[in-house]
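Below: one structure, written as structure tokens.
Only the coordinates and a few stated rules stand behind these numbers; no lab work does. None of the values given here were measured: they were computed from a predicted structure. Quick reminder, even Gly has a Cβ in these numbers, built from the backbone with ideal geometry, and neighbours come from all protein chains shown.
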Amino acid sequence: MRPSGRNLSEMRPISIEVGVTRHAEGSCLIKCGDTHVLCTASIDERVPPFLKNSGLGWVTAEYGMLPRATHTRMRREAKNGQSGRTQEIQRLIGRSLRAGIDRVALGERQITVDCDVIQADGGTRCASITGGWVALRLAVNKLLKAGDVVSDPLINNVAAVSCGIYAGQPVLDLDYPEDSEAGVDGNFVLTDDLRLIEVQMSAEGSTFTRAQMDELLGLAETGVGQLVAAQNAAVA
């Protein structure tokens with residue numbers, strides 16, 4: 001039995017509210033159970049120096065957690081500098097979102113996706129990727145409406161979900177009580193046609209077999225299908 005009472009293949013409730021900030025070209029508040037992340041997308045008509053005059057666009061991401069997003073207050077990273085965990089997560093978000101975009105069609109501009117965790121209960125990086133795509137979609141829609149891009153540079157939805165082995169059983173969409181005790185923990189980033197972008201898996205005190213990995217991937221495909229449906233409903 002899972003602590004939440006969910007079935008092994010049951011996602012937490014998903015909601016995505018768009019247009020939650022006034023100034024960003026794209027924004028949403030994604031809630032995956034008790035994990036809540038504010039995602040905004042900002043368009044800059046410049047690219048990093050290494051892409052200047054290349055004709056290619058760029059998508060990058062930044063990630064952070066509010067001091068009381070967790071059970072105990074954390075010090076703001078603005079005071080202490082970014083942790084290795086934060087840097088790793090925001091690079092993952094950027095890589096993941098770039099996999100779903102045609103950088104030639106985007107043109108020589110940069111879109112920065114900011115993901116700020118308001119409340120954490122496991123799966124913050126996955127929620128950030130899923131919500132970040134929605135914010136990116138809304139920002140690109142503004143470029144299309146203004147005629148600043150000729151064709152849609154977004155070629156695929158991108159979404160992410162966690163899966164793991166908890167109490168000896170494979171489960172979908174781990175919350176914090178499961179994540180903190182899982183024998184195996186994995187994050188799966190996929191496109192809407194179920195092509196893999198990135199898989200992060202590790203044993204946490206026990207090993208896993210190829211068959212178990214395949215089973216977790218099957219659960220991830222189920223979860224991503226539901227997340228993609230929620231993304232499309234949010235931006236429709």
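Provide a single number: the residues in the stretch 175-228 that are of a type in the set (Ser, Thr, Tyr) and assigned to a strand (DSSP E or B). Steps first, answer last, please.
Taking the stretch 175-228 as the starting set, the residues that turn out to be of a type in the set (Ser, Thr, Tyr) are 176, 180, 191, 202, 206-207, 209, 222.
When the remaining residues are screened for being assigned to a strand (DSSP E or B), the result is 191, 202.
Of the residues in that region, 2 qualify.
Tell me, please, whether a residue that is free of Cβ contacts under 8 Å to residues at least 60 places away in the same chain, touching a strand residue (DSSP E or B) at 6+ places or on another chain (Cβ under 6 Å) and under 20 Å from residue 152 (Cα atoms) can be found in the stretch 121-137. Break it down into steps so the answer makes sense when it comes.
Kept after step one, since they are free of Cβ contacts under 8 Å to residues at least 60 places away in the same chain, are these residues of the stretch 121-137: none.
Among the residues of the stretch 121-137, not one is free of Cβ contacts under 8 Å to residues at least 60 places away in the same chain, touching a strand residue (DSSP E or B) at 6+ places or on another chain (Cβ under 6 Å) and under 20 Å from residue 152 (Cα atoms), which makes the answer no.
Mind listing whichever residues of the stretch 23-55 are surrounded by fewer than 18 Cβ atoms within 10 Å (Cβ to Cβ) and of a type in the set (Lys, Arg)?
46, 52 - these are the residues of the stretch 23-55 that are surrounded by fewer than 18 Cβ atoms within 10 Å (Cβ to Cβ) and of a type in the set (Lys, Arg).
So, in the stretch 7-30, exactly how many residues are touching a residue at least 40 places away in the same chain (Cβ under 8 Å) and either among the aliphatic types (A, V, I, L, M) or closer than 20 Å to residue 126 by Cα (or both)? Walk me through it before giving the result.
The initial filter retains those residues of the stretch 7-30 that are touching a residue at least 40 places away in the same chain (Cβ under 8 Å), namely 8-12, 14-19, 24-30.
Keeping just the survivors that are either among the aliphatic types (A, V, I, L, M) or closer than 20 Å to residue 126 by Cα (or both) gives 8-12, 14-18, 24, 26-30.
Counting residues in the stretch 7-30 that are touching a residue at least 40 places away in the same chain (Cβ under 8 Å) and either among the aliphatic types (A, V, I, L, M) or closer than 20 Å to residue 126 by Cα (or both) gives 16.
Can you work out which of the residues in the stretch 160-207 that are among the β-branched types (Val, Ile, Thr) and surrounded by fewer than 20 Cβ atoms within 10 Å (Cβ to Cβ) is farthest from residue 224 (Cα to Cα)?
Within the stretch 160-207, the match that is farthest from residue 224 (Cα to Cα) is 207.
Looking for something within 14 Å of the chain's Cα centre (by Cα), within 26 Å of residue 44 (Cβ to Cβ), part of a loop (DSSP other than H, G, I, E, B) and not polar (S, T, N, Q) - is there at least one such residue anywhere in the stretch 145-154?
No, the conditions are met nowhere in the stretch 145-154.
Within the group 135, 182, 127, 159, which residue is among the aliphatic types (A, V, I, L, M) and more than 15 Å from the chain's Cα centre (by Cα)?
Only one candidate qualifies: 182.
Report yes if some residue within the stretch 221-235 is charged (D, E, K, R) and surrounded by fewer than 18 Cβ atoms within 10 Å (Cβ to Cβ); otherwise report no.
yes
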